[in-house]
C-alpha cells in the first residue's frame with residue numbers, strides 16, 4: 001500500500017467514527033426525560049447506582065470467600081508457630097521475646113492469613129519440615 005491509499009483509508013475510518021459519535025443537536029434541545037437514550041436521567045442514575053452496589057456486594061462476597069479459604073489454610077500451619085519461634089529464639093539469644101513473637105504470628109494468622117501462609121511455607125521449605 002502506498003502512503004496515499006493509507007491516508008485515504010484513515011480518512012474514511014475517521015469520517016465513520018466522527019459520524020457515529022456526532023452529537024444530534026435536535027435531540028440535545030429536548031428535555032432529558034424525553035430523549036431516546038434511555039429515558040429519565042434519574043432512572044439512569046438509579047440504575048447505575050444499583051449496578052455499582054451489586055458489583056460491590058459481589059466483590060465483598062468473593063473477598064470473604066477468599067479470606068475464609070486462606071484462614072483455613074493458615075490453620076494447617078498453626079502447629080509450626082512454636083517450632084518457628086524456638087528456632088528464631090535459638091538464633092537471636094536472650095534478646096528475643098517468645099511471647100511477643102508468638103502473639104505476632106498468631107495475629108498474622110488471623111488477620112493476614114495470606115502473608116502467614118507464605119511465611120510458613122518459606123519457613124517449612126528452608127527447615128525441611
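Observations
- Using a Förster distance of 22 Å, the FRET efficiency for residue 60-residue 115 (Cβ separation, nearest 0.05): 0.60
- Size descriptor for segment 88-129, Kirkwood hydrodynamic radius: 11.3 Å (Cα pairs only, one decimal).
Taken together, the values in this text are just the output of simple stated rules run on the coordinates, not laboratory data. Predicted, not measured: the structure shown is a model, and the values here were computed from it. Virtual Cβ from ideal backbone geometry, glycine too; neighbours counted across all protein chains shown.
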